[in-house]
Structure formats: structure tokens, C-alpha cells
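A.B. asks: Below you'll find the structure I mean.
The values are calculated or read from the model by the stated rules, or taken from the named source; none is laboratory data. Keep in mind that what you see is a predicted model, and the values were worked out from it rather than measured. A quick note on method: Cβ atoms are made from the backbone with ideal geometry, for glycine too, and the neighbour counts reach across all protein chains shown.
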Amino acid sequence: IPIKYLFKYALVGDDITSIEKKFSNYKTLAYYDQVTKLPNAYYLKSDLFEILEDKKSQKNNVLAMVSIVNFNNLHNLFSEKILNDLLLEIKISLKNSVEPYNVKLYNLYYDHFALLFSKEEKFEEINEIILNIMNNINRVIDFENNKLNLDFRTGVFNIDFKQFSDLTPDKIYNNAALALKKAEFLQTKKVAYYDITLGQSLTKRDLMEEDLRKAIEKEEFMIYLQPQFSTTLNKIVSFEALVRWNNPKYINDSPQEFITLAESNNMIIDIGKIIIKKTMELAKKLEDYNVKISINISPAQMLQAGFITELIEAIDKHKVKKEMIAIEVTETFLMSNFNLIIEKLKQLRKYGISIHLDDFGTGHSSMLYLKELPIDTIKIDKQFVDTLLNDKYSKAIINMIISLSKNLGLDVIAEGIETEKQYNTLKKMGCDIIQGYYIGKGVEFEKALALLKKTNLKQKEVEDLENE
């Protein structure tokens, strides 16, 4: 917008008020807890980065992480709304406790908080402040006509650049978290401190394992849906349910990390129950859209006594049409206990649940047992799709899988399609269904539903025009 001409020059400007407002809203969502409105873990790591940039400062920096170890027990007593109100009460109590000491307060996630000290005093004096704060908040509180004795625990890490020369925001965060884990195990003391031996004994795996136990109690897992697109009908016909762990501490880790850990210690059984329940809830919402949802099942789940009964009961409880549900198993999965799993798959298929064989072709004996498998669909592994356009062997293998599937009356889903060329090539080869980033990545239910409506409505409009 030209606002003034001076000599032969024009001053041009834009009103960026609305842009700044949007940016401010995005920043609030990204850097503040949506319940307590306190800065969150991302904000903390940003502040830690600034501290690391200013190592010459004479201030002593200390990070204290705080959790409420018995908070999970309240889930059986109160609704989510009431628990959120309780978190607001806790926030007020913490703010009042830290206010005299000029300490920055964070809500890392749910019932986990943090205090960041940056002061002239020595660590011993800061530690006294921490103990005073903990003594102040560890008390019985009146809430919703109940007397609650909340058990606060604290893990402390002294950000000492002389002792720790290679610190990063993540290392500082994790060291404080390790100290907190130690504090949560203590019977008498409520505060624990990080030291090198603690770091050696409590590895990331140990930390993740303990966090997984809490995640199971809180049902912190979310279901993302990745669309599967029919190349013949030109619309989304199904979704794969993908589990995500709603914990900012592991936001950059692959879901496979915690899944592998959960499978190694049988936590996957409890996680699997949560996944099935939440997937059924989403399936019910999609009932009117004529799509399937497939669920990944681990060997530990399948081999558990009563698994089939639990799955069928979950389907019936949520009043989901059984034709909507498919389960995915891998070749490696089958080999864990072939005969027993085959019998269970037959029972599921008899009930009306579809069976998908994932990662086909990556095992050692695919062809030998294929005729024995009670399956409806074969999924072509991403590793073949990745080299489809420039490797004749990958193309030949995919051709063989598609041809074999057609002869056996099975559907075919190709995974990992990321480009239009891959899509067009697979469509020409006769692949029934496409899955991958080219169609859409795994997203929350609302986004998946919006994509479903948009894609399938577009195809319906085409069909209506053709029928006129």
C-alpha cells in the first residue's frame, strides 16, 4: 500500500497486525500448556539454550523437575474436567510457593512441572530454597469436598559447566528427569539429585520404561489414521490405525522405539488393549463412511489367553460393524508361533474380521506357508516401493506379488508411496490400494475425517457427472 511519495521514491508498507496475532496464537499453542497456561517443555528447552549461550554469566543455574506420584490414582475418582481444575489449583500453589524466590515455573506435561533457577546464590543456598518449596506444597489440600494428600517428588540437576562440559538442552532436561525418577522410587526422601553414577544406572531405556508404565495408567496413547486409497474407485477405502505416544519428552523419537521396548517387556499387551479400545471409538465415528480400519497386532497380544474374546467384546461393546475391522500381522509375527497364530486368525476371520499380511516378501519362507494363511490382503513392503522406479528386481517382485494375489483372490496394498510416478506405475501394474505420504500421512481423527470427506466427495461429484 503506497503511503507517501517523496521525490521519486515510494514508501510501501503492510499492516502485519493480523499476521503477528496469528503468530502469537501459534506460539501460545506451541509453547504453553493449554490447561495451566504455563510455559511447557518446549519453552523450557528454549530457555536452557539461552543459558548455554551465556556460559560466562556469574549466575548459578539449577533445574528442578516436579511430579505428583499419586496423581494417577485420582483418575478413578474424578472426571477429566475436575482433574484439570485440580491442576490449576496445583499451579496456583506452586506459583505462590516460588514467587518469593524469583523462579521460573513450567508445566512440562500434565502432572509434571519444572522450576528453573538462575541466581547469584551458591547451589547449597538454591537447594535450601527447593527444599522449602517442596515442604510448602507437600501438604493436604481441600478439593471438591475431598482432602487430598498429594505426594510431590523432585529431581534436581545443578547446571555446572565446569563439571559437565558437553551439556545441551536435552541433556540438562534428561539429567533432571533421571533425578526425578530416582526421587519417585525413594520411600522417605522426596528430593533426589543427579550424579554421574545415576546417569549410568538409569539409561534412556530405563527412563522410557518407567514413563511407559505411567503412560499405560493414564492412557497417554493416541490413534493416528493413515488413509489407504483405491486406485480403481479413486477414493479412500480404509485407514491404518497408528499408535502415537502423547509425551513431549519423546516427541522426536520414532514410535517404533517405545513399541519395541513394550514388546520386550510385555507392556505391549496393556498398550494393545488401549489401542483396540480407542480404535473402536474411532471406527464407530466412521461407521457411515463405508471404510475399514486395520489394527496392528503384536505376537504377545495374539498369544495372550483370551485375546480373541477381548477383541470381539470390544467390537460388540462399541457396536462396530465387524466388517469394518481388519488386523495386520507380519511374517516375523507368524513365525513366533505359527500353528497357534494360524488357528487364532482362522477364528477371527470366521467372525468376519479381515486379516492383512504386512511386510510380505521380506521373510525367508513367504511362499511356503502362504497357502495356509487365512488372509484377505497382502501388503507390499516399502523397501520394494522405494526402488521400484530404478531397480528391475524390485519391479519384478512387486509384479509377482500382485499377480499371485490376484490368482489367490487377495487384495494388494502397496506401502510407502511418496511420488506421483510411484503411484502411476503401481496403478498400471494393477495394485488395488495405495498407502503413503503421496496420499496422506498418519494424522489425528479430525484431519483424517476431513481428508476422507474431501477426497471421496470429489470422486462422488465425478461419478454424478458421468451418470448425467
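A.B. asks: Restricting to the range 221-244, and then to whatever is among the charged types (D, E, K, R) and buried (at least 18 other Cβ atoms within 10 Å of the Cβ), can you tell me which residue is modelled with the lowest pLDDT?
C.D. replies: By that ranking, first place goes to Lys235.
A.B. asks: Look at Leu282 and say whether it is in contact (Cβ under 8 Å) with a residue 60 or more places away in the chain and on the phi < 0 side of the Ramachandran plot.
C.D. replies: Working: in contact (Cβ under 8 Å) with a residue 60 or more places away in the chain: yes; on the phi < 0 side of the Ramachandran plot: yes.
In short, yes.
A.B. asks: Looking at (1) modelled with pLDDT of 95 or more; (2) in contact with a Ser or Thr (Cβ under 9 Å, 6 or more places away or on another chain), can you tell me which one Phe333 breaks?
C.D. replies: Unmet for Phe333, out of (1) modelled with pLDDT of 95 or more; (2) in contact with a Ser or Thr (Cβ under 9 Å, 6 or more places away or on another chain): (1).
A.B. asks: Hey, could you check the range 245-257 for residues that are modelled with pLDDT of 90 or more and outside any strand (DSSP E or B) and say which is nearest to the chain's Cα centre (by Cα)?
C.D. replies: Within the range 245-257, the match that is nearest to the chain's Cα centre (by Cα) is Asn246.
A.B. asks: Okay, next question. Residue check: is Ile275 at pLDDT below 95 and surrounded by 14 or more Cβ atoms within 10 Å (Cβ to Cβ)?
C.D. replies: Values: at pLDDT below 95: no; surrounded by 14 or more Cβ atoms within 10 Å (Cβ to Cβ): yes.
It is false that Ile275 is at pLDDT below 95 and surrounded by 14 or more Cβ atoms within 10 Å (Cβ to Cβ).
A.B. asks: Being touching a helix residue (DSSP H, G or I) at 6+ places or on another chain (Cβ under 7 Å), touching a residue at least 24 places away in the same chain (Cβ under 8 Å) and assigned to a loop (DSSP other than H, G, I, E, B) is the filter here, so list the residues in the range 420-447 that pass it. Steps first, answer last, please.
C.D. replies: Let us first name the residues in the range 420-447 that are touching a helix residue (DSSP H, G or I) at 6+ places or on another chain (Cβ under 7 Å), namely 422, 429-431, 434, 438, 440, 445.
Add one more test, that the residue is touching a residue at least 24 places away in the same chain (Cβ under 8 Å), and what stays is 422, 429-431, 434, 440, 445.
Selection gives Met429, Gly430, Cys431, Gly440.
A.B. asks: Taking the range 370-408 only, how many residues are part of a loop (DSSP other than H, G, I, E, B), out of contact with any strand residue (DSSP E or B) (no Cβ under 9 Å at 6 or more places or on another chain) and farther than 21 Å from Phe229 by Cβ?
C.D. replies: Final tally of qualifying residues: 5.
A.B. asks: Output the residue which, of all residues in the range 168-187 that are in contact (Cβ under 8 Å) with a residue 60 or more places away in the chain and more than 16 Å from Leu198 (Cα to Cα), is farthest from the chain's Cα centre (by Cα).
C.D. replies: Here the residue is Thr168.
A.B. asks: Filter the range 367-400 down to the residues that are among the aromatic types (Phe, Trp, Tyr) and either surrounded by 21 or more Cβ atoms within 10 Å (Cβ to Cβ) or modelled with pLDDT of 90 or more (or both), then identify the one that is farthest from Ser238 (Cα to Cα). Let's see the steps before the verdict.
C.D. replies: First, the residues of the range 367-400 that are among the aromatic types (Phe, Trp, Tyr): 369, 384, 393.
Now restrict to residues that are either surrounded by 21 or more Cβ atoms within 10 Å (Cβ to Cβ) or modelled with pLDDT of 90 or more (or both): 384, 393.
Values: Phe384: 22, Tyr393: 29 Å.
Per the criteria, the residue is Tyr393.
A.B. asks: Please determine, by comparing only the residues of the range 385-412 that are of a type outside the set (A, V, I, L, M) and under 14 Å from Met429 (Cα atoms), which one is nearest to the chain's Cα centre (by Cα). Reasoning before the result, please.
C.D. replies: To start, the set of residues in the range 385-412 that are of a type outside the set (A, V, I, L, M) comprises 386-387, 390-395, 399, 403, 405-407, 409, 411.
Cutting the leftovers down to under 14 Å from Met429 (Cα atoms) gives us 392, 394-395, 399, 403, 405-406, 411.
Details: Lys392: 37, Ser394: 32, Lys395: 34, Asn399: 35, Ser403: 36, Ser405: 33, Lys406: 36, Asp411: 29 Å.
This residue is Asp411.
A.B. asks: Exactly one condition in (1) modelled with pLDDT of 90 or more; (2) not charged (D, E, K, R); (3) not in a loop (DSSP other than H, G, I, E, B) is false for Asn25; which is it?
C.D. replies: Checking Asn25 against (1) modelled with pLDDT of 90 or more; (2) not charged (D, E, K, R); (3) not in a loop (DSSP other than H, G, I, E, B), the one that fails is (1).
A.B. asks: Select, from Asp376, Asp432, Asp381, Asp386, the only residue that is in contact with a His (Cβ under 9 Å, 6 or more places away or on another chain) and among the acidic types (Asp, Glu). Write out each step before concluding.
C.D. replies: On the way: Asp432 fails: in contact with a His (Cβ under 9 Å, 6 or more places away or on another chain); Asp381 fails: in contact with a His (Cβ under 9 Å, 6 or more places away or on another chain); Asp386 fails: in contact with a His (Cβ under 9 Å, 6 or more places away or on another chain).
After applying the criteria, what remains is Asp376.
A.B. asks: Here is a follow-up. Can you tell me which residues in the range 286-331 are of a type in the set (Val, Ile, Thr), buried (at least 19 other Cβ atoms within 10 Å of the Cβ) and in contact with a helix residue (DSSP H, G or I) (Cβ under 8 Å, 6 or more places away or on another chain)?
C.D. replies: Val291, Ile293, Ile295, Ile297, Ile315, Val320, Ile325, Ile327, Val329, listed by residue number.
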